[in-house]
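Report on the following structure.
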Amino acid sequence: MLGAVIGDVIGSVFEWHNTKSTEFKLYDRFTRFTDDSVLTVAIADAVLNKKKQSNKLFDYYASKRLYANKLRQYARWYPNVGYGQKFEEWVLSNNPKPYRSYGNGSAMRVCPIGFVFSSLEEVMIESRRSALVTHNHRQGIIGAQAVACAVFLARNNKSKDEIQSFIQQRFKYNLKQRLDDIRPNYAFDPSCQGSVPQAIIAFLESTDFEDAIRKAISIGGDSDTIACITGGIAHAYYKEIPKDIISEVMLRLDLKLRQIIGLFNDKYNISV
């Protein structure tokens, strides 16, 4: 989960000022957390609360309520960090309903689910529920499930070939492209189908955690979200994150976000 936050923070300065290179400074004075980090931590907090009450899957409605309540709570605690207009309207609504989104917001926030649940079946169910509260379009659901499953498989020591094969077969994403072919013409695309496969490919081509983040950002487009997705999978796969990167990013988070990340890592024995 920390890997996703790190991807978002490092990618934050490149969202509207894309780079097409892996050679860039990881931080500057404008580096900050955005909505990707806030909502990832919100899902982590929801999972922590879920597991306090039961080791089994919640029923459908209770589970969705928990995800929705945490997302709305965190969005109100952290306004003005880059939410989409439809999401902001949902947060402020007295009667919030999903709005048929296929945007990558469902995928950027989902990686805590892949770190926690004990089977692919549970991961598929819970990632779908976490998406449905806002992103009830088929592509919004698929994007969340693909990322959560990639995290789950990486966390359970599956090879990159196994991860690639499963995601391609189950979700019909084309992961056979190369970054060198994607990069030259890739532009901002906030849809799941236009950013999740690219984020997974950045992970597949990486050699370590930092390289994964650099490759994700080098694509261009929605850089913080792509790096957030890549970072979550890379953390699950490589297990360790360079200490200097952790220190720099933690300095840019407030106490509440740091506390939930710490509780989550301790509860589920996630190495950093």
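General remarks:
- Amide H partners (placed H, <5 Å) of Gly103, local residues excluded: Cys192
- Whole-percent P(r), segment 117-272, all Cα pairs, 5 Å bins from 0: 1, 9, 17, 22, 21, 17, 10, 2, 0.
- Length gained when the stretch Gln177-Asn94 is fully extended (0.36 nm per residue, less Cα-Cα span): 25.5 nm
- Segment 102-134-segment 157-204 distance, computed between alpha-carbon centres (Å): 18 Å
- Full extension of the chain segment joining Asp266 with Asp208 gains 18.6 nm, where the gain is 0.36 nm per residue of separation less the Cα-Cα distance.
- Structure-based [θ]222 nm, the chain - -39500 (n - 2.57) summed over DSSP H runs of at least 4, per residue, nearest 500: -19000 deg cm²/dmol
- Ratio of the Cα radius of gyration of segment 152-230 to 2.2 N^0.38 Å, where N counts its residues: 1.02
- Spin-label model, Asp28 to Ala62: label points 7 Å out along the Cα-to-beta-carbon direction sit 5.0 nm apart.
- Distances between placed amide hydrogens fall under 5 Å for Asp222 paired with Asp189, all partners being 5 or more residues away or on another chain.
Here, each number is a calculation from the coordinates, and none is a lab measurement. Since we're looking at a predicted model, the values are computed, not measured. FYI the Cβ positions are ideal-geometry reconstructions off the backbone, even for glycines, and counts take in every protein chain you see.
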